[in-house]
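In what follows, a structure is listed as structure tokens, so that the remarks can point back to it.
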Amino acid sequence: STSGRNLPERQKASNILIVSGKRSATGAPLFVGGPQIGLNYPGLTMEMQLKSPSINVRGITTAPYPGYMLIGRGADFGWTLTSAGIDIVDTYAEQLCGKSKTKYSYKGKCLSMEKVNAGTISKGGKSVKITFYRTVHGPVQGYAKDAKTGKLVALATRRSSRGRETTDLLYNQRLTFGRVKSAADYVQAAQQTPQTFNSFYASKTESAFYTAGAFPLRPAGVNSDLPVNGNGKYEWKGELAASKHAQVVNPD
């Protein structure tokens with residue numbers, strides 16, 4: 001499996017190969033896992049070993065991780081990831097109301113956008129406050145004019161993983177602490193992350209693949225590549241069930 005959509009050619013270096021134990025001379029699965037990280041990102045990850053009375057893994061980790069391995073192997077198993085590229089983000093065109101750029105119509109009501117204080121930055125030697133507005137769908141990225149009506153609309157970004165980003169680490173925690181004991185355990189661990197990853201696993205006797213992520217179920221007629229009317233009639237219908245994600249456990 002190779003992945004590298006919308007990446008420069010020099011970064012398309014993700015090569016994952018799993019061969020079932022039924023096809024190998026030793027009877028054990030063969031696993032080659034090439035992480036999807038270009039050579040121009042030397043500071044993103046660090047190769048290391050973590051060892052303690054409860055941990056024994058080796059591989060690569062990254063600075064934001066609290067002592068968990070991102071990609072690696074234990075004594076008798078290994079795992080890796082590639083970006084899945086599944087679309088979990090939509091842009092909603094909020095219909096403005098109340099003669100204001102910070103009020104919008106949603107399900108028949110004129111609502112005020114939430115003003116968010118994002119702190120300060122230093123610019124030209126001065127401290128500058130950073131603020132942005134947010135609707136029920138997410139942060140407002142800008143404004144545009146409706147070609148049909150000529151009216152101004154606010155463009156808000158909705159992302160299915162919003163507010164759940166740190167749950168991604170539950171997957172890495174289970175692997176780092178050796179709590180994954182089987183291919184089925186691995187799939188259950190991968191199901192915990194809302195981020196879009198192709199996840200690969202092999203042990204002495206088993207192998208598995210799972211495409212993880214919080215995949216929104218869009219209503220009929222919605223084109224995820226175009227802005228969606230934010231009036232409340234085109235909301236997501238939940239998320240794709242984990243059982244319907246692309247997955248393989250112990251293939252022939």
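The values are calculated or read from the model by the stated rules, or taken from the named source; none is laboratory data. Owing to the predicted nature of the structure, the values given are computational and were not obtained by experimental measurement. Note: ideal-geometry Cβ built from the backbone for every residue, glycine included; neighbour counts use all protein chains shown. Quick note on the areas: whole protein, heavy atoms, side chains included, nothing else; ligands and nucleic acids left out. Shrake-Rupley method; radii C 1.70, N 1.55, O 1.52, S 1.80 Å.
Brief remarks follow.
- The chain, relative contact order [Cα under 8 Å, separation at least 6], %: 19
- Calculated mean residue ellipticity, 222 nm, the chain: -2000 deg cm²/dmol, from DSSP H runs (n ≥ 4) at -39500 (n - 2.57) each, averaged per residue and rounded to 500.
- Approximate spin-label separation Glu47-Ser161, in nm, with each point projected 7 Å along Cα-to-Cβ: 2.6
- 13 Å Cα-Cα reach of Lys145 towards aspartates and glutamates, excluding residues that sit fewer than 8 places from it in its own chain: Glu94
- Counting only Cβ charges, +1 for Lys and Arg and -1 for Asp and Glu, the dipole size of the chain around its Cα centre is about 980 debye.
- The residues of the chain present an accessible area of 58 Å² per residue when probed at 1.4 Å with all protein chains retained.
- Per residue, the convex hull around the alpha carbon atoms of the range 67-171 comes to 202 Å³.
- Basic side chains Lys and Arg get +1 at the Cβ, acidic Asp and Glu get -1 at the Cβ, and with that the dipole of the range 68-152 about its Cα centre reaches some 740 debye.
- Placing unit charges on each Cβ (+1 for Lys and Arg, -1 for Asp and Glu) gives the chain a dipole about its Cα centre, and among Pro29, Ile71, Leu111 the Cα reaching farthest toward its positive end belongs to Leu111.
- Only protein heavy atoms count here; on that basis, with a 1.4 Å probe, Met113 has an accessible area of about 20 Å².
- Cα lying deepest toward the dipole's positive end in the chain, options Gln141, Ser54, Phe215, charges on Cβ: Gln141
- Cross-link reach is defined here as a Cα-Cα straight distance under 23 Å, omitting same-chain residues fewer than 8 places apart; for Lys148 the lysines meeting it are Lys99, Lys101, Lys103, Lys107, Lys109, Lys233.
- Computed magnitude of the charge dipole of the range 107-230 (debye, nearest 20; Cβ of K, R +1, Cβ of D, E -1): 600
- Solution diffusion estimate, µm²/s, Stokes-Einstein, the chain, Kirkwood Rh from C-alpha pairs, 37 °C, viscosity 0.692 mPa s: 156
- Order by protection proxy (mean Cβ within 10 Å, highest first), peptides 92-102, 176-186: 176-186, 92-102
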